[in-house]
Amino acid sequence: MLKKLHERRRVQLLLGLSMGIFFGFFLQKGQVTKYDVIMGQLLLKDFTVVKVILTAIVVGMLGIYPLKRMGLVQLHPKPGSIGSTVVGSLIFGIGFALLGYCPGTAVGAVGQGSLDALFGGVTGILVGAALYSVIYPFVAKFVQDLGFFGEVTLQEVFHVSEVKMVLGMTMFILAFFVLLEIFGF
Amino acid sequence: MRFCEKFSLRRLKCLWLTVLLALLGWFLAADMLAQTEPEQFQNTSSAASGLLAMKSWSPYLAGAGIGILSWFAFLLSDHPLGVSTAFAKTSGMIEKAVRGDRTLEKKYYQRFEPGIDWEWMLVVGLLLGAFLSAGLSGDFVLTFTSGVWADRFGDGVAWRWLTAFVGGVLIGLGARWANGCTSGHALSGTMQLVASSWVAAAGIFAGGVVTALLIF
């Protein structure tokens, strides 16, 4: 691991900025900063969003897992529970369909001049995040740990080796792409 | 075939994988050719600058770019790509500017200390990158409302912004509740094969599809 590099704060801020530029560039070129494209996905008419995400997953996974084997990177799994992951993602999903952008694509959409993403979207997300800081003590105490399943990976859930899980996921996603293209999506 | 033996895969599985990869390559090539119209290259000196000036890329190409970017994020910064924590930190910074240091007494801001960090800079970069991409392709247009919305609910800007705001609030709330958003969970978490992230991705998609079908 490049520990020394990770600890240099200024360099890291600069790296964050540069990687963000690439991130925004790819999102905009992939058209997922467009309201119509995202709504097309949620209405199951246009599969651009799913194609972008699944390709990023396959390509990302096929780099990160070998790098992890070489000891160059470490994973950052997030803990999960029904109370936090399921409830939170459903609330997010409802908001996603109303806004038509997610946090990252809303910021990207502002960059391409979509003002509904700025005045409705980004402002709303900031208010929502502030609202969560108010109810956080309640959620942390009563909801967050309901049905806790922790920081597990899929290979641990299905009891298969890491290599098999990575290759299995790759084949699954590739097969899904082939089906999408065959059915003309 | 020797490559497969390294991972001790059976021959049949290896064959499957090869066929699938070949098919995907074929689809990708066909897709890119179909989306790349010759006119787009007319006023540009090289294919590379033509690529930068294109309004849209094949979703597979854009996705692959994001995937490769993730390698560098993990390798150089020990950080997955994520966006929503930066929103929480920005809210914290705004609240701190208004209410002062009392803000930091909040339990949530003790866990996510308001301030500028790698992820915050990533979001600033994201804005610049999208602006750059749109600017290079002539895709930068100031719009007050969006296509499908206007077709269904009319041109009224107030309604669109109000709905967008309500959606935004739910997104901000839900993203922090679930501990991640479409980037942190559905992109970075899933590629690490984290169970909670696949659950979150399914929840986001399910909630989004049902709501979209109900309102449209």
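Read-outs throughout are calculated quantities, based only on the coordinates presented, and are distinct from any laboratory measurement. Since we're looking at a predicted model, the values are computed, not measured. Neighbour counts are summed over all protein chains in view; Cβ atoms, including those assigned to glycine, are modelled from backbone coordinates with ideal geometry.
Work out, step by step, the length gained on full extension between B:LYS107 and B:PHE72: first 0.36 nm times the residue separation, then minus their alpha carbon distance; give nm to one decimal.
That works out to 9.3 nm of additional length.
Take the alpha-carbon centre of region B:150-182, take the same for region B:110-133, and report the distance between them in whole Å.
Here the answer is 20 Å between Cα centres.
Per-residue Cβ counts within 10 Å, from other chains only, averaged over A:160-168: what number is that? Kindly include the intermediate steps, with their values, before the conclusion.
Details: counts 0, 2, 1, 4, 4, 1, 2, 6, 1.
For this peptide, the per-residue mean of nearby foreign Cβ atoms is 2.
Express in whole angstrom the spacing between the alpha-carbon centres of region A:98-131 and region A:51-86.
With region A:98-131 and region A:51-86 each reduced to a Cα centre, they are spaced 25 Å.
At 222 nm, what value in deg cm²/dmol follows for chain A if DSSP H runs of at least 4 each add -39500 (n - 2.57) and the sum is divided by all its residues, to the nearest 500?
-20500 deg cm²/dmol
Among A:SER133, A:SER81, A:SER114, which one moves the most in a GNM of chain A with springs linking Cα atoms closer than 10 Å?
Comparing A:SER133, A:SER81, A:SER114 in the GNM, the peak value goes to A:SER133.
List every residue whose amide H lies under 5 Å from the amide H of A:THR153, counting only residues 5 or more places away in sequence or on a different chain, with H placed 1.01 Å from N in the peptide plane.
Close amide H contacts, sequence-distant or interchain: B:ALA195.
Taking 0.36 nm per residue of sequence separation and subtracting the Cα-Cα distance, how much length would be gained by fully extending the chain between A:PHE138 and A:ARG10, in nm to one decimal?
Taking A:PHE138 through A:ARG10 to full extension adds about 42.4 nm, to one decimal.
Report the net charge of residues surrounding B:VAL194, where surrounding means a beta-carbon distance below 14 angstrom and charges are Lys +1, Arg +1, Asp -1, Glu -1. Walk me through the numbers before you get to the answer.
Details: positive: A:LYS68, A:LYS78; negative: A:GLU151, A:GLU156, A:GLU162.
Local net charge: -1.
Highest mean first, how do A:158-165, A:4-11, B:171-178 rank when packing is the count of other Cβ atoms within 10 Å averaged over residues?
Those peptides, ordered most packed to least, come out B:171-178, A:158-165, A:4-11.
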